[in-house]
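Q: Have a look at this one before I ask anything.
The values are calculated or read from the model by the stated rules, or taken from the named source; none is laboratory data. On a predicted model such as this, the values are computed, not experimentally measured, just so you know. Here the Cβ positions follow ideal geometry from the backbone for every residue, glycine too, while neighbour counts run over all protein chains shown. The area values use the complete protein model at the heavy-atom level, side chains included, leaving out ligands, DNA and RNA. Shrake-Rupley method; radii C 1.70, N 1.55, O 1.52, S 1.80 Å.
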Amino acid sequence: MDTFLISMLLTFAIALGGREQLVVAQFSDAVGRSVPLLLTGIACAAVSAGVMGWAGWSVAAMLPDRAADMLVAIALAIAAFELSWEVKLKDMKEPTRSYVAIAVVLFVRQAMDAARFVIFALAAQAVYPVTIIIGGALGGAAAVALGWMLGKRKIKRLPLRAIRLLFAFITIVSALFIGLSARYAVY
């Protein structure tokens, strides 16, 4: 239960102001707050959480303990780098109404997002990653739903850049401690 909650809360918090949330908010303003758009975003969040969770778990299962810990540190460092990168989206001139095209864009953005790298890192340390994947899917779905509900104009008013920089700092410190622990730990 605790891995489920940690995964859900971390994914939601780290996805705030992320590229996928802003893309959904942008489409929500451009084509309207349609239910298929929301369901597309939620489905992409679930699939990307599943893919990254499974990838983290399966790669870590092949590694020795110290190397798996280092994999977690690297995944968190990548997440911190992505969090510190400023999110800039171009205004859409002619937004697509194809939900397949929107799904492809969302999936690619989510697969490279900091929140999914955190799911990867959590699943790499898990014995049974299903609860982490479900928590990550629900947290990602909640972040997408928030973007869908608020729209781009309202979401831009929030101090998302400062929040993302704070999470980037916390994540890189976590990566450093885990990496140092993996390097100098005695097993």
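Q: Between G179, G56, L5, whose Cα lies farthest towards the positive end of the dipole of the chain when Lys and Arg beta carbons carry +1 and Asp and Glu beta carbons carry -1, centred on the Cα centre?
A: L5
Q: Further, regarding this structure: Name the residue from I163, Q26, I102 whose Cα lies farthest towards the positive end of the charge dipole of the chain, charges +1 on Cβ of Lys and Arg and -1 on Cβ of Asp and Glu.
A: My answer, from the dipole projection, is Q26.
Q: Also: With every protein chain kept in the model, how would you rank K156, K90 by accessible area, 1.4 Å probe, largest at the top?
A: Final ranking, largest accessible area leading: K90, K156.
Q: Taking the Cα centre of the chain as origin, work out the dipole magnitude from +1 charges on Lys and Arg Cβ and -1 charges on Asp and Glu Cβ, in debye rounded to 20.
A: 720 debye
Q: Normalized C-alpha radius of gyration of the chain, against 2.2 N^0.38 Å?
A: 1.03
Q: Per residue, what volume in Å³ does the convex hull of the Cα atoms of the range 84-187 enclose?
A: Cα convex hull per residue, to the nearest whole number: 124 Å³.
Q: How big is the C-alpha Rg of the range 1-92 next to the rule-of-thumb value 2.2 N^0.38 Å, as a ratio?
A: For the range 1-92, the normalised Cα radius of gyration comes out at 1.31.
Q: Between beta-carbons, use under 12 Å as the cut-off and find the net charge around A111, counting Lys and Arg +1, Asp and Glu -1.
A: Counting the neighbours of A111, the net charge comes to 0.
Q: To check my understanding: the extent here is largest minus smallest coordinate of the Cα atoms along each principal axis. What are those three numbers for the range 58-102, in Å, largest first?
A: Rounded to whole Å, the extents work out to 50, 26, 6 Å.
Q: Compute the relative contact order of the chain as a whole-number percentage, counting only Cα pairs closer than 8 Å that sit 6 or more residues apart in sequence.
A: 47 percent
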